[in-house]
Amino acid sequence: MQSVEDFMQQFFKEHVAFEQAKLAAYRPFRDRFFVDDYKPLSPHSMLRSCESEKVCSIEPSGSEATVITSATFLSIQLKLRYRLRSRSGGWVITKVEAFCKVCNGTGKFADGRECTRCEGTGWDDLGT
C-alpha cells in the first residue's frame with residue numbers, strides 16, 4: 001500500500017501542475033483585461049501557495065489518516081488538515097479543513113462562547 005507521505009507528496013506535485021495549467025489557461029484573459037499584479041484574481045498566489053505546502057505531521061489510524069500541512073498564501077501562514085481514507089491500495093482525501101483564525105484553533109471566543117466560524121472544532125471545513 002502507498003504510504004501517506006508518498007500520497008501527500010504526489011498530491012502536492014500534481015496540485016502544483018494543475019495550478020500551473022490553470023495559470024497558463026488564465027494568462028491570455030488576465031493579460032487582456034487586468035494589470036499584472038491584480039491580486040483578487042491572481043492564480044499566481046494560488047500556485048505559490050501550492051508550491052509552499054509541506055507536511056507537518058501524519059497520524060495514521062487503521063484505514064484512515066490525518067495529515068497536517070503548512071503553506072503560505074499571500075502573506076498568511078496557513079495550517080491545513082487533510083482527512084484521508086485508504087482505497088484500492090492507495091489513499092483519497094475525504095475532507096480538507098483550515099486552522100480557524102477566528103478562535104486561533106481553540107474552538108472558543110475569548111468570552112468562552114463557542115466559535116461560530118468553526119463551530120467549536122478549531123478547524124474550518126473548506127468543503128462547505
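Side notes on the structure shown:
- Amide H contacts of GLY122 (H built 1.01 Å from N, under 5 Å, at least 5 apart or other chain): GLY107
- Computed from backbone phi, the HN-Hα couplings of the range 93-99 come to 8, 9, 7, 10, 10, 10, 4 Hz, rounded to whole numbers (Karplus: 6.51 cos²θ - 1.76 cosθ + 1.60, θ = phi - 60°; Gly and Pro given as x).
- Entries in LYS13/LYS108; LYS22/LYS101; LYS54/LYS101; LYS54/LYS108 that, when Cα-Cα distance is taken, lie over 25 Å: LYS13/LYS108; LYS22/LYS101; LYS54/LYS108
- Scanning the chain for cysteines with no neighbouring cysteine C-beta under 4.7 angstrom from their C-beta gives CYS50, CYS56.
- For the range 27-33, the Karplus equation 6.51 cos²θ - 1.76 cosθ + 1.60, evaluated at θ = phi - 60°, returns couplings of 3, x, 5, 4, 4, 6, 10 Hz by residue, with Gly and Pro reported as x.
Laboratory data are not the source of any read-out in this text; all were calculated from the coordinates shown. Keep in mind it's a predicted model, so treat the numbers as computed, not measured. Positions of Cβ are generated from backbone atoms using ideal geometry, with glycine treated the same way; all protein chains shown enter the neighbour counts.
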